[in-house]
Amino acid sequence: MDGKRVAVVVSHPAHLLTVVGMLQRWRPHVLILYRAVVGAGAGQERAIRAAIEPLGAGDRLASFAISESESFERALAGDFAFHADIGARVFDWLRAVRPDAMLGDAYEAYNFHHDVTRLLLDNALRRGVFGRAVANYEFPLSCRLDEPGAPVRYGTFAFGSSLALRLTPDEVAVKRELIATVSRVDPFVASVAPLFANLEVERYRPVPVDRDYTVPPPGLARYYDERGREVVSAGLHPRAITFGEHFVPLVRALGGIPTAKGA
């Protein structure tokens with residue numbers, strides 16, 4: 001990846017803390033799609049921006065600041081045009097940045113917005129008018145095996161091979177300090193950061209060009225079906241977002257099905 005023009009696109013600001021090594025080593029252009037307006041993630045982007053500013057990333061960081069709550073509401077209403085518009089904005093941003101390689105949230109069936117972000121990125125590259133081939137990669141966040149009682153895994157791919165960026169001791173020290181800085185002001189980051197145990201290696205892998213987003217990744221549970229019930233019980237949303245009722249119809253509407261399978 002050295003010497004290449006790199007773009008990193010994430011659904012949520014805190015995801016940048018999992019790839020601090022990439023931010024230091026490759027100095028990518030960065031795009032954040034969503035912002036939380038309620039719950040533990042509210043105000044997170046401000047803390048993340050302040051933390052990564054010393055890396056010189058401030059002038060290469062863009063944010064759409066799309067309300068996560070509105071995105072949920074539009075998905076529940078079957079408003080596919082809302083997310084199609086986000087996809088068009090992602091495409092325009094990538095066309096302006098002109099990356100040689102793009103990295104973003106992995107498809108893990110763990111979080112609706114993680115998966116939507118991955119879908120929009122793949123769709124943008126499928127349009128293929130960037131004037132160059134763009135390498136498409138994903139990095140792991142969280143997933144759960146489709147087995148009774150399986151725990152959630154953080155920062156690792158459950159199956160298959162992957163590439164690894166191995167951080168230097170100095171890069172690890174910077175990453176550790178940034179995570180500690182954000183953790184002091186963001187309780188959510190403070191609770192989740194220890195679950196990403198291996199700070200020395202940042203994993204990523206090529207995204208299959210023929211991936212079918214109407215089915216979950218092999219071997220992984222549809223975790224946000226479970227999470228949806230939890231957020232409804234907590235009063236954060238009136239109805240649960242589920243894989244089959246909301247994500248799959250969005251995939252079909254936006255064309256996230258391989259041509260070979262008759263999309």
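The values are calculated or read from the model by the stated rules, or taken from the named source; none is laboratory data. Since this is a predicted model, take the numbers as computed values, not measurements. Cβ atoms come from the backbone with ideal geometry, glycine included; neighbour counts cover every protein chain shown. Just the protein is used for accessible areas: all its heavy atoms, side chains included, with ligands, DNA and RNA removed. Shrake-Rupley method; radii C 1.70, N 1.55, O 1.52, S 1.80 Å.
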Could you check, for region 102-115, whether at least one of its residues is under 30 Å from Glu73 (Cβ atoms), open to solvent by less than 10 Å² (accessible area, probe 1.4 Å) and polar (S, T, N, Q)? no
What tally of residues in region 113-129 results from selecting those that are outside any helix (DSSP H, G or I) and modelled with pLDDT of 95 or more? 0
If you take the residues of region 180-219 that are part of a loop (DSSP other than H, G, I, E, B) and of a type in the set (D, E, K, R), which of them is most open to solvent (accessible area, probe 1.4 Å)? Arg184
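For (1) open to solvent by 40 Å² or more (accessible area, probe 1.4 Å); (2) more than 20 Å from Arg176 (Cβ to Cβ); (3) under 19 Å from the mean Cα position of the chain (by Cα); (4) not charged (D, E, K, R), each residue gets a yes or a no:
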position: Met1; (1), (2), (3), (4): yes, yes, no, yes
position: Ala7; (1), (2), (3), (4): no, yes, yes, yes
position: Val19; (1), (2), (3), (4): no, no, yes, yes
position: Met22; (1), (2), (3), (4): no, no, yes, yes
position: Leu31; (1), (2), (3), (4): no, yes, yes, yes
position: Ile52; (1), (2), (3), (4): no, no, yes, yes
position: Gly58; (1), (2), (3), (4): no, yes, no, yes
position: Glu70; (1), (2), (3), (4): yes, yes, yes, no
position: Asp79; (1), (2), (3), (4): yes, yes, no, no
Residues in region 110-126: is at least one touching a residue at least 24 places away in the same chain (Cβ under 8 Å), in contact with a Lys or Arg (Cβ under 8 Å, 6 or more places away or on another chain) and within 13 Å of Ala221 (Cα to Cα)? yes
Of all residues in region 168-190, how many are within 21 Å of the chain's Cα centre (by Cα) and touching a residue at least 24 places away in the same chain (Cβ under 8 Å)? 8
Only residues that are part of a loop (DSSP other than H, G, I, E, B) and modelled with pLDDT under 75: list them for region 239-263, please. Gly256, Ile257, Pro258, Gly262, Ala263
Looking at region 130-179, which of its residues are outside any strand (DSSP E or B), over 26 Å from Val90 (Cβ atoms) and among the charged types (D, E, K, R)? Asp146, Glu147, Asp170, Glu171, Lys175, Arg176, Glu177
